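The values are calculated or read from the model by the stated rules, or taken from the named source; none is laboratory data. Quick caveat, the model's predicted, so the values are computed rather than measured. Ideal geometry is used to build each Cβ from the backbone, glycine not excepted, and the neighbour counts take in all protein chains shown. Just so you know, the surface numbers come from the protein's heavy atoms only, side chains and all, with ligands and any DNA or RNA stripped out. Shrake-Rupley method; radii C 1.70, N 1.55, O 1.52, S 1.80 Å.
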Amino acid sequence: MGDVFEICSLIEKGGVFTDVEGQNSEEVYKNLTEQLNLPAYLNKKDLADELQARENVLSTAVGNGIAIPHPRRPMLESEADQRIFVCFPKSPLDMNGPDNKNVYVMFVILSNSSKAHLAVLSGLAKAIKSTEFQHFLQGKPSKDELVAAFKRYSE
């Protein structure tokens, strides 16, 4: 877990959601989760609540307009159910990031263990630290465009 091809596979499984409505993280999480394809045992409202509960503890904004929301605890039963949802809010959100930049993209991580979660974070970090990749994300790429770019910027 964590290499670029697994990250791409998780994004392909989760999907990319553009222009998600909401004036704050709570509204965006609610509107995003309504659109998600989740395992049958995972309730959409519970996921939205868990994402906001984590946000209430400490912002998931990592800087440069990027946030990496995730539940406080693993909610998935198996590794096969893991995925990353990429969310582009309709309007950038103030999420109290370390650099005070509004968030324009979220990589929502759903994993089945802390170990898997950390591996995904490590894989994401390789790409999102690139200024060029950050500029690319501002164009709200499609899933296919994002996966192709992720392979380029993660090497």
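Take the residues in segment 101-121 that are at pLDDT 95 or above and out of contact with any His (no Cβ under 8 Å at 6 or more places or on another chain), then tell me which one is surrounded by the fewest Cβ atoms within 10 Å (Cβ to Cβ). Show your work before the answer.
Our first condition is that a residue be at pLDDT 95 or above; within segment 101-121, this holds for 101-110.
Checking the rest, the ones that are also out of contact with any His (no Cβ under 8 Å at 6 or more places or on another chain) come to 101-107.
Details: Lys101: 15, Asn102: 13, Val103: 26, Tyr104: 19, Val105: 23, Met106: 28, Phe107: 25.
Among those that are at pLDDT 95 or above and out of contact with any His (no Cβ under 8 Å at 6 or more places or on another chain), it is Asn102.
Among the residues making up segment 122-142, a single one is among the basic types (Lys, Arg) and modelled with pLDDT of 95 or more: Lys140. A count restricted to segment 105-116 and to residues that are farther than 23 Å from His135 by Cβ and touching a strand residue (DSSP E or B) at 6+ places or on another chain (Cβ under 6 Å) stands at 1.
Would you check if Arg83 is open to solvent by less than 50 Å² (accessible area, probe 1.4 Å) and of a type in the set (Lys, Arg)?
Details: open to solvent by less than 50 Å² (accessible area, probe 1.4 Å): yes; of a type in the set (Lys, Arg): yes.
Here the answer is yes, as Arg83 does meet what is asked.
In segment 9-32, of all residues being small (Gly, Ala, Ser) and buried (at least 19 other Cβ atoms within 10 Å of the Cβ), the one that is nearest to Gln52 (Cα to Cα) corresponds to Ser25. Against the list (1) more than 17 Å from Val86 (Cβ to Cβ); (2) in contact with a Lys or Arg (Cβ under 9 Å, 6 or more places away or on another chain); (3) modelled with pLDDT under 95; (4) surrounded by fewer than 15 Cβ atoms within 10 Å (Cβ to Cβ), the condition Met1 fails is (4).
Of all residue pairs spaced 6 or more apart or on separate chains, those with beta-carbon atoms under 6 Å, a first member in segment 24-38 that is touching a residue at least 24 places away in the same chain (Cβ under 8 Å) and a second member that is part of a loop (DSSP other than H, G, I, E, B) are Ser25/Met95; Val28/Gly22. Considering segment 72-100, and only residues there that are modelled with pLDDT of 95 or more and among the basic types (Lys, Arg), the residue that is farthest from Lys45 (Cα to Cα) turns out to be Lys90. Can you tell me which residues in segment 54-74 are among the β-branched types (Val, Ile, Thr) and more than 16 Å from Ile84 (Cβ to Cβ)? Residue satisfying the conditions is Val57 alone. From Glu6, Glu55, which residue is open to solvent by 10 Å² or more (accessible area, probe 1.4 Å), touching a Gly at 6+ places or on another chain (Cβ under 8 Å) and in contact (Cβ under 8 Å) with a residue 40 or more places away in the chain? Within the list Glu6, Glu55, the selection yields Glu6. Any residue at all in segment 33-43 that is open to solvent by 10 Å² or more (accessible area, probe 1.4 Å) and closer than 20 Å to Met95 by Cα? No: zero hits.
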